[in-house]
1. Can you pull out every residue in the range 203-212 that is part of a helix (DSSP H, G or I) and surrounded by fewer than 16 Cβ atoms within 10 Å (Cβ to Cβ)?
2. Can you tell me which residues in the range 124-144 are surrounded by fewer than 21 Cβ atoms within 10 Å (Cβ to Cβ) and assigned to a helix (DSSP H, G or I)?
3. Before we move on, is Asn114 surrounded by fewer than 22 Cβ atoms within 10 Å (Cβ to Cβ) and either among the polar types (S, T, N, Q) or assigned to a helix (DSSP H, G or I) (or both)?
4. Among the residues in the range 165-186, are any surrounded by fewer than 16 Cβ atoms within 10 Å (Cβ to Cβ), outside the structural domain of Asp91 (by TED's automatic domain parsing), among the small types (Gly, Ala, Ser) and more than 29 Å from the chain's Cα centre (by Cα)?
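The values are calculated or read from the model by the stated rules, or taken from the named source; none is laboratory data. These figures come from a predicted structure and were not determined experimentally. Please note: Cβ atoms are built from the backbone with ideal geometry, for glycine as well, and neighbour counts cover all protein chains shown.
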Amino acid sequence: MSLPFILLVLIFILQIIAIIFKRKSRLWLSLSLVVTILTFLNQIRSTRQNLYIQKTLMSIEWMAHDPTYSWTANKAAAFIAAGNDDLSVGDFKAALRKFEKAREFDDKIPAVHNNIGIALMQLGQLKDAESAFKKALDIDPPYYKAKMNLAVVRLRQGKNDEALQILKPLSDEHPEDARIRINLATAFLNKGEKLEAANEFEKYLTISSSMPSDSTKVRDLIKELRK
């Protein structure tokens, strides 16, 4: 309790005593008592206001330094970026380690589980990859990249019908995604449905930004399928 606050309380008590013993005029005492009460109430209001300001400032400082607001998310993002770099050069084991580290910081990011699935799939661990893609979809059900990658797992498992069940709706939702088209074409080709495969390869060429050598190979494949 502050010293001014204590003094005000003492003044208030002395005024009451003075009134009781009639040592001052009633008018003076009444005015003095009113002033004392107003000063006392103002001190209470000021003290409450200061406490509120201090509490608010403490809350803001906690938010600025609490790792759940910035540090954790930034760490996860940094490991995701590093893992993506490893994926791009084909170092799938290193990528997997970094994505798993990102998951330790934040396991609610669907892209983390999707990327873990990609690394696992490239390492031949299809069951674990499937689980990772499903985890990404548990977090974010509309996440179409995880759906497409799950379809790729089905293709590698030889489950072409299941892959088509995933890819056909995706091709309607994302008609300009070349990766969906190439996977659809692959599924049809695996099933021996050559005309459907050729049609999807043509759509792939229309929307893809492939290198000329890749385009030539796909065009040659289309010609072969249409014979």
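1. Taking the range 203-212 first, the residues part of a helix (DSSP H, G or I) are 203-207, 212.
Of everything in the range 203-212, those that are part of a helix (DSSP H, G or I) and surrounded by fewer than 16 Cβ atoms within 10 Å (Cβ to Cβ) turn out to be Thr206, Ile207, Pro212.
2. Leu126, Lys127, Asp128, Glu130, Ser131, Lys134, Lys135, Leu137, Asp138, Ile139, Tyr144, listed by residue number.
3. Values: surrounded by fewer than 22 Cβ atoms within 10 Å (Cβ to Cβ): no; either among the polar types (S, T, N, Q) or assigned to a helix (DSSP H, G or I) (or both): yes.
No; evaluated as a whole, the condition is false for this residue.
4. no
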